[in-house]
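I have placed the structure first, in the form of structure tokens, so that the comments after it can refer back to it.
The values are calculated or read from the model by the stated rules, or taken from the named source; none is laboratory data. Note that the coordinates shown come from a computational prediction; the quantities given were computed from them, not determined experimentally. No Cβ is skipped: glycine too gets one built from the backbone with ideal geometry, and neighbour counts run over all protein chains shown.
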């Protein structure tokens, strides 16, 4: 209990002294992206691709649905072999729909790759401008408040990585 009180007091002291020592700022990257003409054009390009791919996906799903409904109406009069063949075709078609969805919209799909290709140069430009401003105005940390809070810039003077590595290497020796 006493250790918890000491820890709480220590954390409170650090929290009270930290704002006086560090200069912290924030941006809203969504607002920035919505005002840059190049970002707007890039988003329109991506939206066009998404619309095209979604239309193709809907067409594939409609085709699967139509074939399934036809099969469902006839399955009682089909031979075992014909039923098995049509079920196999339906599974193949369903797999093709899933493969297309993953290839276009999956974690490393074409959309992800295209977003990287189109948006990365714009984001790099924003980060460079942000870093210049942060250094000019003496900011130690800059966060992005759009969506999830994300640290975009941190002054090297506050980087404790090397110190932690050194202590970890000598820890317990």
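Things worth noting here:
- Residue match in the range 55-70 (condition: surrounded by 14 or more Cβ atoms within 10 Å (Cβ to Cβ), more than 27 Å from residue 152 (Cα to Cα), in contact with a helix residue (DSSP H, G or I) (Cβ under 9 Å, 6 or more places away or on another chain) and free of Cβ contacts under 8 Å to residues at least 24 places away in the same chain): yes
- Unique residue being under 22 Å from residue 152 (Cα atoms) and surrounded by 12 or more Cβ atoms within 10 Å (Cβ to Cβ) when the list is 46, 90, 130: 130
- Inside the range 97-122, residues that are out of contact with any helix residue (DSSP H, G or I) (no Cβ under 7 Å at 6 or more places or on another chain) and either part of a helix (DSSP H, G or I) or modelled with pLDDT of 95 or more (or both) make up a count of 9.
- Condition broken by residue 37, with the remaining ones in (1) loosely packed, with under 10 Cβ neighbours inside 10 Å; (2) within 30 Å of residue 132 (Cβ to Cβ); (3) modelled with pLDDT of 90 or more satisfied: (3)
- Single condition residue 147 does not satisfy, out of (1) within 19 Å of residue 31 (Cβ to Cβ); (2) free of Cβ contacts under 8 Å to residues at least 60 places away in the same chain; (3) loosely packed, with under 11 Cβ neighbours inside 10 Å: (2)
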